[in-house]
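A.B. asks: The structure is given below, and queries will be raised subsequently.
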Amino acid sequence: MKIAVLLGGTSAERDVSVVSGLAISKALSEAGHEVTAVDCAFGDKIITNWDADINEIIHLEHSDFESRKQELDRNIIQTVQFLIAQNMEVAFIALHGGYGENGQIQALLDMMKITYTGSTALASSIGMNKHISKILFQKHQIDVAPWIKIDSPQDYNIHEIEKLGYPLVIKPNDQGSTVGLTIVEEPDRINSALQLAFQFSDTALAEQFIPGKEVTVSILGEQALPVIEIIPEHGIYDYECKYQKGKSKYIVPAELTKQVTHKLQQQALKAYQALGCRHYARVDFRLSPKNHPFCLEVNTLPGMTATSLVPKAAKALGIEFPELVDRIVKMAIENKNF
Ligand SMILES: Nc1ncnc2c1ncn2[C@@H]1O[C@H](COP(=O)(O)OP(=O)(O)O)[C@@H](O)[C@H]1O
Ligand SMILES: [Mg+2]
């Protein structure tokens, strides 16, 4: 098949997306497809050297990137025109965060009748909104950490927040990669934590801190894959622990009883279905000391480097990376409605 892998883009997670996208390109090519890797920030810029150091090829200075963001955002139109001109059969979305994950590119591709991998525009935009996701999880009997939505960094009710108890977690409503998140141990820190969270989102959440383990469940199609336990060096699974080699340990499959494993897998699948996800996603949980799962969020475009969590979980079932991405492409082709 003729597949375009969409990578890069303009979000804060651009670098991770390039790594995911190049790994996906190699794997799809190994699976026998005709693959073109396109950096969406630069329209129809094709990346031909999939083994190149990402910093060398496409990393722009942060300052330059920020000042050109609007122009770079608009280049997505050229990407779409390129896909049409080249008669691409499928767009494999390897973007993370921003327009790649919040449903905007999915809506654009829908309008242009281009088949793409991963969740629809609606499921993607709900998945990007932690507050709305949590409301839907509760409706489907999926437990979540008690929370409060905060709409302004100036106007909030500290007493209501404090009812959650300490420590509590303050985070942006629609960021990823643990950016802008603070664990607050005392009242004095609430204000600065909110100021930080609002740098990344128009809405923030204050959430009860759930002690225990960090676990994640990947979904492929309608199947929950083996549970992974993450042991981050820093206690919470922050940006460094997520992306720096050796900063986290992963236990695949997690050493949990059959019942707890089953419960996590069932809750993960329910969360995926509650948001209307398709093809694949990864559902993050905190598992309390009493082994009770609390769903944090669904990642509709989880990391997809060969060593990321979804590929790790698939591998535990004997599904190698090329087969994994090939299956995702096949699901996209089967689902297409134009
Ligand atoms: N309520 C919570 N209790 C304990 N840890 C939390 C809680 N919320 C977030 N965390 C920690 O922060 C990380 C990121 O939070 P998450 O809600 O998944 O946002 P992101 O979209 O940034 O991944 C989690 O993986 C976990 O380590
Ligand atoms: Mg998360």
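The values are calculated or read from the model by the stated rules, or taken from the named source; none is laboratory data. Fair warning: this is a prediction, and the values are worked out from it, not measured in the lab. As a convention, Cβ positions derive from the backbone with ideal geometry for all residues, glycine included, and neighbour counts pool all protein chains shown. Please note that ligands, DNA and RNA were not included when accessible areas were found on the heavy atoms of the full protein model with its side chains. Shrake-Rupley method; radii C 1.70, N 1.55, O 1.52, S 1.80 Å.
A.B. asks: Give me the pairs, please: first residue somewhere in the range 171-187 and at pLDDT 90 or above and near ligand 1 (Cβ under 6 Å from one of its atoms), second residue anywhere and basic (Lys, Arg) and assigned to a strand (DSSP E or B), beta-carbon distance under 9 Å, and either six or more positions apart or on two chains.
C.D. replies: 181/171
A.B. asks: Examine the range 225-232 for a residue that is open to solvent by 10 Å² or more (accessible area, probe 1.4 Å), in contact with a helix residue (DSSP H, G or I) (Cβ under 7 Å, 6 or more places away or on another chain) and without any contact (Cβ under 8 Å) to a residue 40 or more places away in the chain, and state whether such a residue exists. Talk me through it step by step, then tell me what you get.
C.D. replies: So in the range 225-232, the residues open to solvent by 10 Å² or more (accessible area, probe 1.4 Å) come out as 226, 229, 231-232.
Then drop every residue that is not in contact with a helix residue (DSSP H, G or I) (Cβ under 7 Å, 6 or more places away or on another chain), which leaves 226, 232.
This time we only want the ones that are without any contact (Cβ under 8 Å) to a residue 40 or more places away in the chain, so: 232.
Yes: the range 225-232 contains one or more residues that are open to solvent by 10 Å² or more (accessible area, probe 1.4 Å), in contact with a helix residue (DSSP H, G or I) (Cβ under 7 Å, 6 or more places away or on another chain) and without any contact (Cβ under 8 Å) to a residue 40 or more places away in the chain.
A.B. asks: Sticking with this one: Just to be sure I understand, how many residues within the range 106-121 are exposed (fewer than 15 other Cβ atoms within 10 Å of the Cβ) and either in contact (Cβ under 8 Å) with a residue 40 or more places away in the chain or more than 26 Å from residue 332 (Cβ to Cβ) (or both)?
C.D. replies: 1
A.B. asks: Which pairs have Cβ atoms under 6 Å, sit 6 or more apart or on different chains, and link a residue in the range 272-292 that is more than 18 Å from residue 222 (Cα to Cα) to one that is among the hydrophobic types (A, V, I, L, M, F, W, C) and open to solvent by less than 30 Å² (accessible area, probe 1.4 Å)?
C.D. replies: Pairs that qualify, where the first residue is more than 18 Å from residue 222 (Cα to Cα) and the partner is among the hydrophobic types (A, V, I, L, M, F, W, C) and open to solvent by less than 30 Å² (accessible area, probe 1.4 Å), are 285/215; 285/295; 286/210; 287/215; 288/210; 291/260.
A.B. asks: Among the residues of the range 141-168, count how many are loosely packed, with under 11 Cβ neighbours inside 10 Å and under 25 Å from residue 269 (Cα atoms).
C.D. replies: Residues that pass the stated criteria total 1.
A.B. asks: Over 20 Å from residue 77 (Cβ atoms) and not hydroxyl-bearing (Ser, Thr, Tyr): is that true of residue 101 in this structure?
C.D. replies: Numbers: over 20 Å from residue 77 (Cβ atoms): no; not hydroxyl-bearing (Ser, Thr, Tyr): yes.
Answer is no for this residue.
A.B. asks: With the structure loaded, tell me whether residue 138 is assigned by TED's automatic domain parsing to the domain that holds residue 269, more than 16 Å from ligand 2 (Cβ to nearest atom) and not in a loop (DSSP other than H, G, I, E, B) or whether it fails that test. Show your work before the answer.
C.D. replies: On the way: assigned by TED's automatic domain parsing to the domain that holds residue 269: yes; more than 16 Å from ligand 2 (Cβ to nearest atom): yes; not in a loop (DSSP other than H, G, I, E, B): yes.
Judged against the criteria, residue 138 is a match.
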